[in-house]
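Novice: Mind having a look at this structure? Questions to follow.
A short reminder: the numbers here are calculations on the coordinates, not readings from a lab. All of these numbers come straight from a predicted model, not from anything done at the bench. Ideal geometry is used to build each Cβ from the backbone, glycine not excepted, and the neighbour counts take in all protein chains shown.
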Amino acid sequence: FFNKMHPKQPFMNTVLAQVATLVRATAVLFEGVVDRFKPTPLKFHYTYSLRDVRRVMDGLLLAHPETVANKDTLVRLWTHETTRTLRDPLMHQEETALFDDLLTPLLARLFQTPWRPSHGSPTDGEGHAVRFGSFLRPEVAARVYEEMAHSSVVNSVAHYLEEYNLSPQGRINPLRL
């Protein structure tokens, strides 16, 4: 399904070879989350549905061959999307640790990836946060969903903040970093 989104610039075969594994991993992780995190009166929002699986897949479909050129980047994108969709609603640190205990073996078994998610953001094996977004290049008309390094996020946010502060509303109520 990836190449249908970008017919003029197809994905590398190493990326396409992971599609079936991504689908299987998403299904296994989703089943584990549904089994482990049940709604309660205090956690009534723990109602997971196939819409959550669709949100993970929608995030994967934002990938572009230019920015997801290998298996490792694709796995980082999948990790970002699953944690954003399935882990972010969890309320307590113990629950996010339980989610991480579901995710980590999947990364090792299905993707042969030794990454260990942290309790804040998922991280790669070197401890760098794994984040993706489409706001890093404000000068580009067609936004590209790409991996974000911490320094590039700070620079991009500073740009948007400056742009806001120059607007009429920003002059009245300026924001500071």
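Novice: If the label point is 7 Å along Cα→Cβ of L16, which residues in segment 39-64 have backbone nitrogen under 19 Å from it?
Specialist: Once the point is set 7 Å along Cα→Cβ of L16, 60-64 turn out to lie under 19 Å by backbone N, inside segment 39-64.
Novice: Same structure, new question: Among 164-173, 73-82, how do they line up from the highest to the lowest mean number of other beta-carbon atoms within 10 Å? Before the final figure, lay out each step's value.
Specialist: On the way: 164-173: 10.2, 73-82: 23.5.
Those peptides, ordered most packed to least, come out 73-82, 164-173.
Novice: On to the next question. Which cross-chain or sequence-distant (5 or more) residues have an amide H under 5 Å from the amide H of F132, H modelled 1.01 Å from N in plane?
Specialist: M148
Novice: Let me ask something else about it. Provide the FRET efficiency to the nearest 0.05 for the L61-R36 pair, computing r from the beta carbons and using R0 = 25 Å.
Specialist: Details: r = 27 Å, r/R0 = 1.07.
The formula returns an efficiency of 0.40 here.
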